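S.K.: Input: one structure, supplied below.
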Amino acid sequence: MRRQPAHVHLLAALAIAASAACRSASPPQRDGAADSLPTPNAGSAEQRPAAQHRVLPGLEVLVRDSMALIRGRRVGLITNQTAVTSTGQHAVDLLARTPGVRLVALFGPEHGVRGTYEGGARVENQVDSATGIPVFSLYGRTQKPTPEMLRGIDVLMFDIQDIGARPYTFVWTMALAMEAAAAQHIPFIVLDRPNPITSAAQGPMMAMEIRTEHVGQAITGLYPVPLRHGMTVGEVARYVNDAFRVGADLHVIRAEGWEGDEWFDATGLRWVNPSPNIRSLDAALKYSGLVLAEATNVAVGRGTDAPFSYLGAPWMNAGAVLAAVAKYDLQGVRLDSVTLTPSGAQPHHMIRLTVTDREKFDAPFATLALLTEIRRLHPQQFKIEDPPGMTQMLGSRWAMAAFQRGDDPRTIQRRWQEELRAWRQTQERYRLYRD
């Protein structure tokens with residue numbers, strides 16, 4: 001962020017960062033990632049036509065309809081490179097040019113305000129060189145705004161594009177900030193955006209024991225939701241604020257024109273990489289399952305042209321794994337074996353996942369099945385490198401124990417389905433968008 005007019009240079013810097021571009025630890029060891037896949041076969045669900053209508057993110061709706069919430073007030077903004085309008089204008093640029101808005105502080109999540117930090121990298125406080133506005137890091141010494149950071153702020157806003165998976169840190173940055181705002185009696189505004197992988201929920205529900213016993217890290221699972229939770233950030237905020245009595249003066253500015261069953265590529269909005277390895281909508285979908293492997297020594301394709309499109313290791317017999325998972329009849333995905341050499345690593349024998357029908361593809365179950373067979377076929381080589389992280393992602397101690405025993409993934413999934421039925425009733429109470 002530099003000078004001249006300030007907003008022009010900030011926008012340029014953010015655009016550069018986005019073109020280059022969550023998982024975490026304490027901060028995390030690795031980040032969430034994604035891919036750019038080969039062109040799908042004819043008839044693939046990924047070959048949908050371009051957007052049929054135009055969706056407006058909450059940012060634009062705020063400026064058009066709800067300026068009374070911030071006019072004349074000192075505003076703090078939690079944001080990153082994804083906070084753009086339907087025409088590509090960044091939130092900081094837009095708000096800096098909007099009469100009556102006093103933008104006095106910026107807050108950066110994992111990867112920073114410009115999205116240039118790798119996953120897990122510590123982000124320090126700094127000053128925006130374009131505007132002179134202080135930039136406070138929420139992924140460094142603290143992951144929650146301190147009273148000192150919030151001093152002099154009249155209203156705190158959040159505008160970041162999430163990807164719909166529990167371990168991705170942005171929604172929990174929001175929840176922690178909402179808690180901090182409530183403690184200081186500062187109104188909290190969420191500028192909502194679509195869930196890019198729709199309102200569908202899949203995978204394990206995080207049990208309350210994970211939260212109360214501090215299993216894993218708060219920033220990768222602060223409140224109970226499924227692995228693929230099916231909510232927008234605004235809906236998560238409504239759920240957390242009400243169900244857990246946070247007590248925030250919460251205002252959610254809805255995205256206009258979006259329906260819950262719409263994928264991001266039907267919105268007319270431009271894709272901006274939310275982190276250095278999430279490079280496509282397809283990657284965001286697969287991340288909601290393949291992230292489970294991040295707690296193991298099985299690679300997901302980091303250092304290749306398509307991170308989070310693969311599972312494998314130098315020691316893995318990919319052909320044997322493919323034969324073993326055939327019995328699960330995985331829907332909506334094609335599996336094939338490849339040998340790749342990730343940057344800075346030795347050759348890996350990998351299974352490539354190509355989504356053929358995203359409506360049928362269950363990334364959490366597919367990943368559970370693959371990891372189960374990899375572990376069964378390679379008991380000496382397979383390792384869980386982060387047991388608390390694996391337990392947190394699987395959602396409960398029972399699921400972790402079942403995986404370690406080698407239980408049939410279909411048995412585990414049946415219990416997940418029971419949990420999801422209960423979750424959908426909860427989800428329904430906080431929905432802002434219908435299918």
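Derivation of every value follows stated rules applied to the coordinates shown; laboratory data play no part. Being a predicted model, the structure only gives us computed values, none of them experimental. Don't worry about glycine lacking a Cβ; one is built from the backbone with ideal geometry, like all the others, and counts go over all protein chains shown.
S.K.: Using mean Cβ contacts within 10 Å as the protection proxy, how do 254-260, 345-351 order, highest first?
M.R.: In descending order of packing, they fall as 254-260, 345-351.
S.K.: Whole percent per 5 Å bin, from 0 to the bin with the longest distance: what is P(r) over all C-alpha pairs of region 129-242?
M.R.: Percent of pairs per bin, in order: 2, 11, 20, 23, 20, 13, 6, 3, 1.
S.K.: Sorting check: for 394-401, 377-384, which peptide has the highest mean count of neighbouring beta carbons within 10 Å, and how do the rest follow? All intermediate terms of the calculation are to be shown ahead of the outcome.
M.R.: On the way: 394-401: 19.8, 377-384: 13.6.
Final packing ranking: 394-401, 377-384.
S.K.: Arrange the peptides 190-202, 296-308, 324-336, 207-219 so that the one whose residues have, on average, the most other Cβ atoms within 10 Å appears first.
M.R.: 190-202, 296-308, 207-219, 324-336
S.K.: Given the C-alpha centroids of region 178-212 and region 229-256, what is the distance between them in whole angstrom?
M.R.: Cα centres, region 178-212 to region 229-256: 6 Å.
S.K.: Identify which of the listed values of semi-axes √(5λ) of the Cα gyration tensor in Å was calculated from the structure shown: [x] 43, 28, 19; [y] 44, 26, 24; [z] 36, 22, 21.
M.R.: Checked against the structure: label [z].
S.K.: Thr339 to Arg410: extension gain in nm, 0.36 nm per residue of separation minus the Cα-Cα distance?
M.R.: Roughly 22.7 nm would be gained on extension.
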